[in-house]
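Written below as structure tokens is the structure these notes are about.
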Amino acid sequence: MRILALSAAAMLALPAAAQAQAAGDPPVLDYSADDAPLSQQLRDPAMQDGLAATVAVLGEILLDLPLAPIVEPMAEAAGRDPGDVDPDLTLRKMRPEAGDLPARAAEELPRAMDRMAAMAGGIEAMAPALRDLAGQLEFALDRARRQGR
């Protein structure tokens with residue numbers, strides 16, 4: 001059920017991001033070289049707060065999303081009567097204790113983004129060495145090709 005919830009959240013988030021782009025709002029994460037490194041963007045408190053609020057809202061929407069259109073065909077495929085499915089079924093009705101998940105996820109998001117920023121910072125610090133290594137490998141492969149190896 002968690003996979004279903006995460007998939008539905010992703011499907012809801014993508015159109016929202018596209019709509020924000022169409023409305024002229026700046027993108028949440030911008031990977032262009034002209035801007036701050038990803039590690040700095042992930043540490044930005046304003047971005048963290050905005051994403052946390054978005055996660056909380058999307059989580060609440062997801063908990064109240066009607067599940068009957070999804071569950072009925074599954075019941076039918078399993079040989080059960082799809083009419084037995086509650087037409088008002090939602091995740092919140094299935095698992096009332098899940099009601100606090102959106103708030104908990106929003107609360108944990110800034111810490112998770114800080115951890116991701118630390119990892120991104122490490123990768124950013126290694127980038128020059130990795131570029132140098134790639135150049136050395138390219139040179140060695142080219143030399144080996146020319147020597148017929």
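Remark: L109 falls outside the filter, which requires a residue to be of a type in the set (A, V, I, L, M, F, W, C), open to solvent by 80 Å² or more (accessible area, probe 1.4 Å) and in a helix (DSSP H, G or I). Taken over region 80-94, the criterion of being surrounded by fewer than 12 Cβ atoms within 10 Å (Cβ to Cβ) and not in a loop (DSSP other than H, G, I, E, B) is satisfied by G83, D84.
For the structure I just gave you, tell me whether A77 is loosely packed, with under 13 Cβ neighbours inside 10 Å, hydrophobic (A, V, I, L, M, F, W, C) and out of contact with any Cys (no Cβ under 8 Å at 6 or more places or on another chain). Yes.
Residue check: A8 meets all listed conditions (1) surrounded by 13 or more Cβ atoms within 10 Å (Cβ to Cβ); (2) under 27 Å from A125 (Cα atoms); (3) at pLDDT below 90 but one, namely (2). Residue selection: D114 fails the criterion of being assigned to a loop (DSSP other than H, G, I, E, B) and open to solvent by less than 90 Å² (accessible area, probe 1.4 Å).
The set of residues in region 52-74 that are open to solvent by 40 Å² or more (accessible area, probe 1.4 Å) and within 30 Å of R111 (Cβ to Cβ) comprises A53, T54, V55, V57, E60, I61, D64, L65.
The values are calculated or read from the model by the stated rules, or taken from the named source; none is laboratory data. All figures in this text were calculated on a predicted structure; none of them were measured in a lab. Cβ atoms come from the backbone with ideal geometry, glycine included; neighbour counts cover every protein chain shown. The protein model used for the area step is the full one, side chains on, heavy atoms only, and it has no ligands, DNA or RNA in it. Shrake-Rupley method; radii C 1.70, N 1.55, O 1.52, S 1.80 Å.
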